[in-house]
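Some notes on the structure that comes next.
Every number here is computed from the coordinates shown, using simple stated rules; none is lab data. Being a predicted model, the structure only gives us computed values, none of them experimental. Cβ placement follows ideal geometry from the backbone for every residue including glycine, while neighbour counts extend to all protein chains displayed.
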2 protein chains.
Amino acid sequence: MELYHQLFCPHSRFVRLVLAEYDLEPELIEEAVWRRRPEFLALNPACTVPVLVDESGIAVPGATVISEYIDERYGEAAGEKRLQPPTVAERVEVRRLNMWFNVKFFAEVSEHLVREKIWKRYMRAEEGGGPPDSSAIRAARANVSQHLRYIGWLAKSRNWLAGDRFSYADLSAAAHLSSCDYLGDVPWQDDEHAKNWYARVKSRPSFRPLLSETIPGLAPAQNYADLDF
Amino acid sequence: MELYHQLFCPHSRFVRLVLAEYDLEPELIEEAVWRRRPEFLALNPACTVPVLVDESGIAVPGATVISEYIDERYGEAAGEKRLQPPTVAERVEVRRLNMWFNVKFFAEVSEHLVREKIWKRYMRAEEGGGPPDSSAIRAARANVSQHLRYIGWLAKSRNWLAGDRFSYADLSAAAHLSSCDYLGDVPWQDDEHAKNWYARVKSRPSFRPLLSETIPGLAPAQNYADLDF
């Protein structure tokens with residue numbers, strides 16, 4: 001398997017976590033999507049990462065589509081460790097939260113922070129590069145507080161975010177938060193429940209490779225890789 | 001079943017088409033999401049339509065989550081008429097295009113046109129109402145041409161958008177286009193293949209209720225409800 005991804009892309013991180021939880025080890029290929037490489041456009045006309053290419057050559061694009069594909073192929077064999085729960089009502093809740101983080105949180109928080117602070121460093125001017133837009137960063141920081149409260153509320157009332165079981169919902173939330181956390185933009189002190197839940201997810205072996213990645217010239221926030229932050 | 005929806009909301013239209021294809025007839029409840037009604041927020045904290053409430057009271061929010069739910073509950077029994085195909089590769093393609101229209105086309109085209117031209121009429125100033133933003137409309141119109149070309153290319157090389165079978169991909173594409181088409185913002189003359197494909201979808205019985213809906217004070221474009229446009 002090959003996974004086209006980008007460092008600190010929250011959707012790529014989510015898929016890497018999912019694959020690691022199922023002990024799948026794809027070859028990782030970094031793709032600078034803003035270059036719009038013709039060979040990559042042929043794999044995914046939307047020109048976004050992640051794209052998973054399976055052993056038979058099927059290209060599976062996007063976090064949501066990949067997570068359904070992985071569940072169909074590997075979910076049942078995982079038994080109790082399956083990341084999509086067995087009942088209809090539980091699956092609705094996992095998918096609802098997955099969309100919450102992969103679409104809503106991304107649009108309101110993580111896309112702005114990662115694009116303004118990280119990707120723009122690598123883009124040429126004509127690809128959208130340049131200095132960070134401080135109003136986009138300000139808006140994202142205001143939104144992250146609201147989201148953190150919601151995560152705290154879920155974590156307080158349930159064992160994991162979507163219910164009793166560890167699921168895709170925990171991985172998508174943690175993936176998006178981890179990119180923001182590297183940048184020091186998650187006010188963990190504001191919500192003890194959210195912080196404790198994140199510490200539990202972060203200490204899983206699947207998280208380790210992500211926590212060791214860094215950006216040249218941009219050090220991680222103080223407690224980013226600290227498991228007892 | 002109850003379906004909370006909004007007239008001309010492309011995601012609501014998609015779900016209505018899916019339900020109609022499966023001969024399911026939910027009670028339709030219009031929800032002005034910008035009012036942020038507390039009872040509706042309890043059903044869907046994201047405060048978006050559509051939300052399907054099933055017979056057992058489970059609230060299923062959002063086009064993507066609803067389409068997976070409907071497939072799990074009614075797909076197999078539909079046999080040849082199932083809207084999600086049976087093989088892994090085909091399902092990837094249907095889901096890819098479903099995300100294409102429900103996320104990408106929405107963000108680039110249909111959200112702007114419907115919000116600026118329709119919803120703003122019903123919103124108070126503090127809810128985001130006001131005169132339409134002409135630069136948002138201009139951008140959406142430029143984007144719709146690109147999308148129409150892509151749809152035409154798919155329709156030319158395949159029987160239906162995702163392959164041999166009529167699927168969710170056709171319904172999501174047609175749902176989003178239909179809202180734009182009411183407003184006269186789809187340049188059908190630019191692509192014969194896209195036009196012929198849309199004429200086939202539009203003439204299905206599931207489409208009939210949508211084509212008869214109108215907005216007071218805003219007449220539909222000339223050929224909107226015309227099956228041989």
> Karplus couplings for segment B:121-126 from phi (6.51 cos²θ - 1.76 cosθ + 1.60, θ = phi - 60°), rounded to Hz, Gly and Pro as x?
Replying inline: 5, 9, 8, 6, 3, 6
> Considering only Cα-Cα distances, which of the following residue pairs are longer than 31 Å: B:Lys120/B:Lys195; A:Lys120/A:Lys156; B:Lys117/B:Lys202; A:Lys117/B:Lys195; B:Lys81/B:Lys156; A:Lys81/A:Lys117?
Replying inline: A:Lys120/A:Lys156; A:Lys117/B:Lys195; A:Lys81/A:Lys117
> Shielding of A:97-105 by partners, i.e. mean partner chain Cβ atoms within 10 Å per residue?
Replying inline: 3
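Would you please classify the overall shape of chain B from the alpha carbon gyration tensor, given that a ≥ b ≥ c denote the square roots of the eigenvalues, rounded means a/c under 1.5, and beyond that prolate means a/b larger than b/c while oblate covers the rest?
Values: a/c = 1.68, a/b = 1.06, b/c = 1.59.
Verdict is oblate for chain B.
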> Per residue, what volume in Å³ does the Cα convex hull of segment A:6-94 take up?
Replying inline: 107
> Rounded to the nearest 5, what % of the DSSP beta bridges within chain B are antiparallel ones?
Replying inline: 65
> How many percent of all Cα-Cα pairs in segment A:157-229 sit more than 22 Å apart?
Replying inline: 19
>> Taking the Cα centre as origin and putting +1 on Lys and Arg beta-carbons and -1 on Asp and Glu beta-carbons, what dipole magnitude results for chain A, to the nearest 20 debye?
In response: 620
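Using the 2.2 N^0.38 Å rule of thumb for compact globular proteins, work out how segment A:115-218 stacks up: its C-alpha Rg over that value, please.
Working: Rg = 15.4 Å, N = 104, 2.2 N^0.38 = 12.8 Å.
It is 1.20.
Tally the DSSP beta bridges in segment A:1-127 and give the antiparallel ones as a percent, rounded to 5. Please list the in-between numbers first.
Numbers: 6 of 10 bridges.
So the antiparallel bridges amount to about 60 percent of the total.
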> What 222 nm value per residue comes from the helices of chain A, counting each DSSP H run with n ≥ 4 as -39,500 (n - 2.57) and dividing by all residues, nearest 500 deg cm²/dmol?
Replying inline: -12500 deg cm²/dmol
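Rounded, prolate or oblate: which fits segment A:53-183, taking a ≥ b ≥ c as square roots of the Cα gyration tensor eigenvalues, rounded meaning a/c under 1.5, else prolate when a/b beats b/c? Show your work: numbers first, answer last.
Working: a/c = 3.10, a/b = 1.41, b/c = 2.20.
It comes out oblate by the Cα gyration axes.
Count, for each residue of A:52-62, the Cβ atoms from other chains sitting within 10 Å of its Cβ, then give me the mean as a whole number.
Details: counts 1, 0, 3, 0, 2, 1, 4, 4, 7, 6, 7.
Across A:52-62, the average partner-chain Cβ count within 10 Å equals 3.
Return an integer: the convex hull volume of the alpha-carbon atoms of segment A:101-149, in Å³ per residue. Don't skip to the end; give the middle numbers.
Details: hull volume 3.3 nm³, N = 49.
Residue-normalised Cα hull volume stands at 66 Å³.
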>> Give me B:His193, B:His112 sorted ascending by neighbouring Cβ count inside 10 Å, so fewest comes first.
In response: B:His193, B:His112
> Share of antiparallel DSSP beta bridges in the protein assembly as shown, in percent to the nearest 5?
Replying inline: 65
>> I'd like the mean, over residues of A:41-47, of how many other protein chain beta carbons sit within 10 Å of each residue's own Cβ.
In response: 2
> How would you order A:38-48, A:58-68 from highest to lowest mean count of nearby Cβ atoms within 10 Å?
Replying inline: A:58-68, A:38-48
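Quick one: longest stretch of chain B between exposed loop trypsin sites (Lys or Arg not before Pro), exposed meaning at most 12 other C-beta atoms within 10 Å and loop per DSSP? Display every interim value, and only then the final one.
Details: sites that count: B:Arg36, B:Arg124.
Formally, the longest exposed-site-free interval is B:125-229.
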> When the Karplus curve 6.51 cos²θ - 1.76 cosθ + 1.60 is applied with θ = phi - 60°, which whole-Hz ³J(HN,Hα) does each residue of segment B:18-23 get, with x for Gly and Pro?
Replying inline: 4, 4, 5, 4, 8, 6
> Which whole-Hz ³J(HN,Hα) couplings does segment B:153-167 yield from phi under the Karplus relation 6.51 cos²θ - 1.76 cosθ + 1.60, θ = phi - 60°, glycine and proline marked x?
Replying inline: 5, 5, 5, 6, 8, 9, 5, 10, 4, 9, x, 5, 9, 5, 8
>> Tell me whether the protein assembly as shown comes out rounded, prolate or oblate; compute the Cα gyration tensor, take square roots of the eigenvalues as a ≥ b ≥ c, and use a/c under 1.5 as the rounded threshold.
In response: rounded
